[in-house]
Amino acid sequence: MAKTDDHEIVSIYPFTDEERDTLLEHAQECVLMWATKDGWPVGVTHAYVWKDGKIWLTFAAHRHRTVAIKRDNRVSVNVSSLSYGGTQPEGAPTGAITIKGKGEFFEDEETKKWFYPALAKKVNPNNPDGEAFFNNLLDSPTRVMLAVTPEKYIMYNSGTAGKHMAGTATEEELGERLESDAVRMNEERKKRGLPER
């Protein structure tokens with residue numbers, strides 16, 4: 001069994017594709033992040049739907065984020081398992097995922113037809129009245145939908161990290177060290193007169 005007490009190395013805790021999809025499907029909220037015209041990073045919390053390998057969310061067309069993302073469609077989305085809410089399946093993975101991706105806007109009726117009910121049900125999983133109310137609320141004339149297609153996943157599987165620190169993780173459960181931990185960490189340690197890890 002593998003064990004570590006080196007808490008600086010975190011890139012070795014990825015999710016499997018199945019774990020990633022489970023977390024993204026069942027978590028309730030995400031933080032959408034984009035850059036303003038003057039370069040400030042900004043983020044807003046959204047309810048969302050994970051479908052066809054994309055994060056789908058919605059807001060009004062007059063929001064600043066609409067203009068910003070149309071200007072530069074590179075965005076990030078962060079999802080944490082702490083937002084599972086009442087839909088957490090037994091044994092669901094824990095941790096967080098940040099997605100770097102490209103955003104695409106939709107306003108067509110076909111997308112609204114599946115997305116509004118899906119989001120309304122996700123937000124109100126055990127409340128049919130709330131689901132119907134929210135579905136009607138979503139159907140507003142200035143609403144746009146944003147789909148974020150992932151280009152990179154930055155993952156932290158806290159379940160695997162806990163097992164690794166306890167000495168119960170297998171080598172197969174661990175991922176490869178990414179460049180930040182394989183190269184950049186040791187460059188920084190060398191600057192500080194610390195031994196390599």
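The values are calculated or read from the model by the stated rules, or taken from the named source; none is laboratory data. Computed from a prediction, not measured in an experiment: that's the story for all the values here. Virtual Cβ from ideal backbone geometry, glycine too; neighbours counted across all protein chains shown.
The table for this structure:
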{"read-out": "Number of the condition not met by A118 [criteria: (1) out of contact with any Lys or Arg (no Cβ under 9 Å at 6 or more places or on another chain); (2) among the small types (G, A, S); (3) closer than 19 Å to E29 by Cα]", "value": "(1)"}
{"read-out": "Qualifying positions in the stretch 60-105 - within 23 Å of M155 (Cα to Cα), in a loop (DSSP other than H, G, I, E, B) and either touching a helix residue (DSSP H, G or I) at 6+ places or on another chain (Cβ under 7 Å) or among the aliphatic types (A, V, I, L, M) (or both)", "value": "Y84, Q88, P89, A92, P93, T94"}
{"read-out": "Output for the stretch 64-87, where each listed residue is farther than 25 Å from K37 by Cα and either in contact (Cβ under 8 Å) with a residue 60 or more places away in the chain or small (G, A, S) (or both)", "value": "S80, S81, S83, G85, G86, T87"}
{"read-out": "Scope the stretch 169-197; condition in contact with a helix residue (DSSP H, G or I) (Cβ under 8 Å, 6 or more places away or on another chain) and either aromatic (F, W, Y) or surrounded by 14 or more Cβ atoms within 10 Å (Cβ to Cβ) (or both); matching residues", "value": "A169, E173, L174"}
{"read-out": "Every pair of residues 6+ apart whose Cβ atoms lie under 8 Å, when the first sits in the stretch 38-59 and is touching a residue at least 24 places away in the same chain (Cβ under 8 Å) and crowded, with 20+ Cβ neighbours inside 10 Å while the second is of a type in the set (D, E) and assigned to a strand (DSSP E or B)", "value": "Y48/E29"}
{"read-out": "Residue pairs meeting the criteria (Cβ under 6 Å; at least 6 apart or on separate chains; first over 24 Å from V123 (Cα atoms) and in contact (Cβ under 8 Å) with a residue 40 or more places away in the chain, in the stretch 10-27; second among the hydrophobic types (A, V, I, L, M, F, W, C) and in a loop (DSSP other than H, G, I, E, B))", "value": "S11/L178; I12/L174"}
{"read-out": "When residues of the stretch 156-173 are limited to those that are in contact with a Gly (Cβ under 7 Å, 6 or more places away or on another chain) and part of a strand (DSSP E or B), the one modelled with the highest pLDDT", "value": "Y156"}
{"read-out": "Matching residues, the stretch 106-120, being part of a helix (DSSP H, G or I), surrounded by fewer than 19 Cβ atoms within 10 Å (Cβ to Cβ) and either in contact with a Cys (Cβ under 7 Å, 6 or more places away or on another chain) or not small (G, A, S) (or both)", "value": "E109, E110, T111, K112, K113, W114, P117"}
{"read-out": "Residue match in the stretch 88-98 (condition: closer than 18 Å to A35 by Cα and under 19 Å from the mean Cα position of the chain (by Cα))", "value": "yes"}
{"read-out": "Near pairs, Cβ below 9 angstrom, 6+ apart or cross-chain, from the stretch 177-197 (more than 11 Å from I9 (Cβ to Cβ) and without any contact (Cβ under 8 Å) to a residue 60 or more places away in the chain) to any residue that is surrounded by 10 or more Cβ atoms within 10 Å (Cβ to Cβ) and of a type in the set (D, E)", "value": "R189/E8; L194/E188"}
{"read-out": "Extreme residue, surrounded by the fewest Cβ atoms within 10 Å (Cβ to Cβ), among residues of the stretch 121-160 that are hydrophobic (A, V, I, L, M, F, W, C) and free of Cβ contacts under 8 Å to residues at least 40 places away in the same chain", "value": "L137"}
{"read-out": "Per-region count, the stretch 121-150, residues part of a strand (DSSP E or B) and among the charged types (D, E, K, R)", "value": "1"}
